[in-house]
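Asks: Handing you a structure now.
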Amino acid sequence: MGFLLHHSIDESADRAPERDAFRFAGQGLSYAELVERSNRLASLLVEQGVAPHDRVGIYMNKCLELPVALYGILKAGAAYVPIDPTAPPARVKFIVEDCGIRHLLTHPTHARKAAGVAADVSGLQYVIGAAEPASDTVTPRQTFTPWQTVDAAPASDPQVKLVEQDLAYIMYTSGSTGVPKGMMHTHASGLAYARLSAREYGVRSEDRLGNHSPLHFDMSTFEYLTGPLCGATTVIIPEEVTMFPLSLAELIEREQLTFWYSVPLALIQLLEQGGIEERDLSSLRWVLFGGEPFAPKHLSRLAELWPGARFSNSYGPAEVNQCTAYHVPVGAIDVDQPIPIGPIWPGAEGLIVGDDERVVAPGEPGELLIRAPTMMRGYWSRPDLNQRAFFRQTPFTDFETVFYRTGDLVRDRGDGNLLFLGRKDRLVKVRGYRVELDEVEAVLSSLPDVAEAAAVDVRDADGHVTIVAAVLLREGAEVDAATLRRGAARRLSVYAVPSRIEVRASLPRTGSGKIDRKAVKADFEPAPG
């Protein structure tokens, strides 16, 4: 059967059963407790008909039941599918239907929302983690099982037969046509990332990892997969704490975090509003950031305040988990130069190719292609996307090497370290979240009063990426920007909703009659000086 992702917690429990595997809001869940509770959940799932390769949804905010859900699903032989509990109902419904999810794990705080999803999707039969709500939407085909029942199930591991190439999780991200796409990762790719990241950053059993990202965000795999592999403690940071830098700084100090991993924006907010000068944050020994560029001026200030910490720029699309890391030299941050994303890390291979798909000359820009053991199997049920997403190289007639097309433009700065230059297509990062501008346009254009829409990304004075849009209304329509934003928010995740929408009398065009998005972007960008 080989070593699988959930074997990590079994081994860590054997070594240190009483050590906290996860902590949340001052409470701990030891490795022994995590193994026992995940075994009980796995037993119940198998009893309810979950079979190897099934997909099970996780629909809950951060809590101590989250790691139980993740590892219980894996022990049952299924793949976990994290679903953003703040996502619009239409997006939740799509993911549940697209994946054929029959079992949904939730929390009592989401019981009513989960019941609404179950009523909307005929194939969803079991809601686990909440008692049946008093609601007219519940039908006889739905079974609700509270956590108390889960914790009374048999505590023996069902020992489902799997191999490392079997599916472990599916993570959804924006799609260019307005349809979300699910990235399929196996036990092999998840383990490869956990092992490589553990080695790259020297994660130890005594470390305490701060989990800032929600489970449906790919950065969370560091805390949920790498941490347990090393027998470390992951401190799950409540959503409400992440929104208040002062509270966040207090938590880092109180929980004595040694690792931090987030998008740069969270670190900038800590720097500017967290009062970190008055806090003893000397426990931090490694600060990882990624998802978008980090302004060197902010990184330089942070390095001065945290002299005992190492800083690393971690890069990699969710499709390959991670593939480069740049360890910032101590005292050598040039505030006038962008932070590199680093060299391709051990165990991976990268190519930089031009539009002709040939490797470019040294120092020339091109698209980064990656092949690595951390790479996804492909997109769930999307052969069309898989055909475009992978570059197949056949140096020998009987052997084929497969690379993932990142869509990111890079160049080697001459010492093996890569510089990120931007996106080849229209996918952008907003606070570390991937957003397809075409999806934003598709949603805006679908609103009843909108004829056409152009969504673009611009940078504010601090260099943060934000999404804005210009729309052309249908003839005779009268609607304001606030109404349009509310309409978009019903179908888009909160980070993808344009921060500003302008109703225009016309949209600029290219010579071929297409919308000139460069001109739209220029209209929105602040004037120099």
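Asks: Any residue in segment 462-484 that is out of contact with any Leu (no Cβ under 6 Å at 6 or more places or on another chain), in contact (Cβ under 8 Å) with a residue 60 or more places away in the chain, surrounded by 13 or more Cβ atoms within 10 Å (Cβ to Cβ) and of a type in the set (A, V, I, L, M)?
Replies: Checking segment 462-484: at least one residue is out of contact with any Leu (no Cβ under 6 Å at 6 or more places or on another chain), in contact (Cβ under 8 Å) with a residue 60 or more places away in the chain, surrounded by 13 or more Cβ atoms within 10 Å (Cβ to Cβ) and of a type in the set (A, V, I, L, M).
Asks: May I ask you to verify whether L284 is of a type in the set (A, V, I, L, M, F, W, C), surrounded by 18 or more Cβ atoms within 10 Å (Cβ to Cβ), touching a Gly at 6+ places or on another chain (Cβ under 6 Å) and more than 23 Å from P338 (Cα to Cα)?
Replies: On the way: of a type in the set (A, V, I, L, M, F, W, C): yes; surrounded by 18 or more Cβ atoms within 10 Å (Cβ to Cβ): yes; touching a Gly at 6+ places or on another chain (Cβ under 6 Å): no; more than 23 Å from P338 (Cα to Cα): yes.
Spelling it out, it is not the case that L284 is of a type in the set (A, V, I, L, M, F, W, C), surrounded by 18 or more Cβ atoms within 10 Å (Cβ to Cβ), touching a Gly at 6+ places or on another chain (Cβ under 6 Å) and more than 23 Å from P338 (Cα to Cα).
Asks: Being at negative phi, modelled with pLDDT of 95 or more and in contact with a helix residue (DSSP H, G or I) (Cβ under 9 Å, 6 or more places away or on another chain) narrows it down to one residue among I95, I73; which is it?
Replies: Working: I95 fails: in contact with a helix residue (DSSP H, G or I) (Cβ under 9 Å, 6 or more places away or on another chain).
None of the other options fit; the residue is I73.
Asks: Something else about it: Mind listing just one residue for me: the one in segment 225-266 that is of a type in the set (D, E) and in contact (Cβ under 8 Å) with a residue 24 or more places away in the chain and, of those, nearest to H187 (Cα to Cα)? Walk me through it before giving the result.
Replies: Within segment 225-266, the subset of a type in the set (D, E) is 239-240, 250, 253, 255.
Next, only the ones that are in contact (Cβ under 8 Å) with a residue 24 or more places away in the chain stay: 239, 250, 253, 255.
Values: E239: 28, E250: 36, E253: 34, E255: 30 Å.
Here the answer is E239.
Asks: Sort through P52, P67 and tell me the only one that's assigned by TED's automatic domain parsing to the domain that holds P146, farther than 24 Å from A21 by Cβ and touching a Leu at 6+ places or on another chain (Cβ under 8 Å). Explain how you work it out, then say what you get.
Replies: On the way: P67 fails: farther than 24 Å from A21 by Cβ.
Matching residue, one of P52, P67: P52.
Asks: While we're looking at this one, here's another question. At least 2 residues that are farther than 20 Å from I170 by Cβ and of a type in the set (A, V, I, L, M) in each: list the helices (runs of 4 or more DSSP H) lying fully within segment 51-148 that qualify.
Replies: Values: elements: 65-75, 89-99, 111-120.
Of the helices (runs of 4 or more DSSP H) lying wholly inside segment 51-148, those with at least 2 residues that are farther than 20 Å from I170 by Cβ and of a type in the set (A, V, I, L, M) span 111-120.
Asks: In segment 435-453, how many are surrounded by 20 or more Cβ atoms within 10 Å (Cβ to Cβ), in contact with a Leu (Cβ under 6 Å, 6 or more places away or on another chain) and assigned to a strand (DSSP E or B)?
Replies: Of the residues in segment 435-453, 3 are surrounded by 20 or more Cβ atoms within 10 Å (Cβ to Cβ), in contact with a Leu (Cβ under 6 Å, 6 or more places away or on another chain) and assigned to a strand (DSSP E or B).
Asks: Another question, then. Exactly one condition in (1) surrounded by 18 or more Cβ atoms within 10 Å (Cβ to Cβ); (2) small (G, A, S); (3) at pLDDT 95 or above is false for A87; which is it?
Replies: Against the list (1) surrounded by 18 or more Cβ atoms within 10 Å (Cβ to Cβ); (2) small (G, A, S); (3) at pLDDT 95 or above, A87 comes up short only on (3).
Asks: Go through segment 268-283 and give me each residue that's part of a loop (DSSP other than H, G, I, E, B) and under 17 Å from A309 (Cβ atoms). Walk me through how you get there before you give the answer.
Replies: Keep residues of segment 268-283 that are part of a loop (DSSP other than H, G, I, E, B), which gives 274-275, 279-283.
Scanning segment 268-283 gives G274, R279, D280, L281, S282, S283.
Asks: Does any residue in segment 509-529 that is assigned by TED's automatic domain parsing to the domain that holds T466 and among the aliphatic types (A, V, I, L, M) come within less than 9 Å, Cβ to Cβ, of a residue that is loosely packed, with under 13 Cβ neighbours inside 10 Å and modelled with pLDDT of 80 or more six or more places away or on a different chain, and which pairs are these?
Replies: If the second residue must be loosely packed, with under 13 Cβ neighbours inside 10 Å and modelled with pLDDT of 80 or more, the pairs left are I515/R509; A519/R509.
Asks: Has segment 143-150 got any residue that is aliphatic (A, V, I, L, M), touching a residue at least 40 places away in the same chain (Cβ under 8 Å) and within 21 Å of N211 (Cβ to Cβ)? Steps first, answer last, please.
Replies: We begin by selecting, within segment 143-150, every residue aliphatic (A, V, I, L, M); these are 150.
Add one more test, that the residue is touching a residue at least 40 places away in the same chain (Cβ under 8 Å), and what stays is 150.
Now narrow it down to the ones that are within 21 Å of N211 (Cβ to Cβ): none.
The answer is no, given that none of the residues of segment 143-150 is aliphatic (A, V, I, L, M), touching a residue at least 40 places away in the same chain (Cβ under 8 Å) and within 21 Å of N211 (Cβ to Cβ).
Asks: Take A309 and decide whether it is without any contact (Cβ under 8 Å) to a residue 60 or more places away in the chain and of a type outside the set (F, W, Y). It would help to see each step written out before you state the result.
Replies: On the way: without any contact (Cβ under 8 Å) to a residue 60 or more places away in the chain: yes; of a type outside the set (F, W, Y): yes.
Spelling it out, A309 is indeed without any contact (Cβ under 8 Å) to a residue 60 or more places away in the chain and of a type outside the set (F, W, Y).
Asks: A further question follows. Counting only residues that are under 24 Å from the mean Cα position of the chain (by Cα) and over 13 Å from A295 (Cα atoms), which one in segment 256-268 is modelled with the lowest pLDDT?
Replies: To start, the set of residues in segment 256-268 that are under 24 Å from the mean Cα position of the chain (by Cα) comprises 257-268.
Right, trim to over 13 Å from A295 (Cα atoms) and you get 257-262.
Details: L257: 98, T258: 98, F259: 98, W260: 98, Y261: 97, S262: 94.
Restricting to residues being under 24 Å from the mean Cα position of the chain (by Cα) and over 13 Å from A295 (Cα atoms), the top hit is S262.
Asks: Only one of E200, E240 is part of a helix (DSSP H, G or I) and touching a strand residue (DSSP E or B) at 6+ places or on another chain (Cβ under 9 Å); which? Before the answer, list the steps.
Replies: Values: E240 fails: touching a strand residue (DSSP E or B) at 6+ places or on another chain (Cβ under 9 Å).
Result: E200 is the single residue among E200, E240 that is part of a helix (DSSP H, G or I) and touching a strand residue (DSSP E or B) at 6+ places or on another chain (Cβ under 9 Å).
The values are calculated or read from the model by the stated rules, or taken from the named source; none is laboratory data. Because the structure is predicted, anything quoted here is derived from the model rather than measured. A quick note on method: Cβ atoms are made from the backbone with ideal geometry, for glycine too, and the neighbour counts reach across all protein chains shown.
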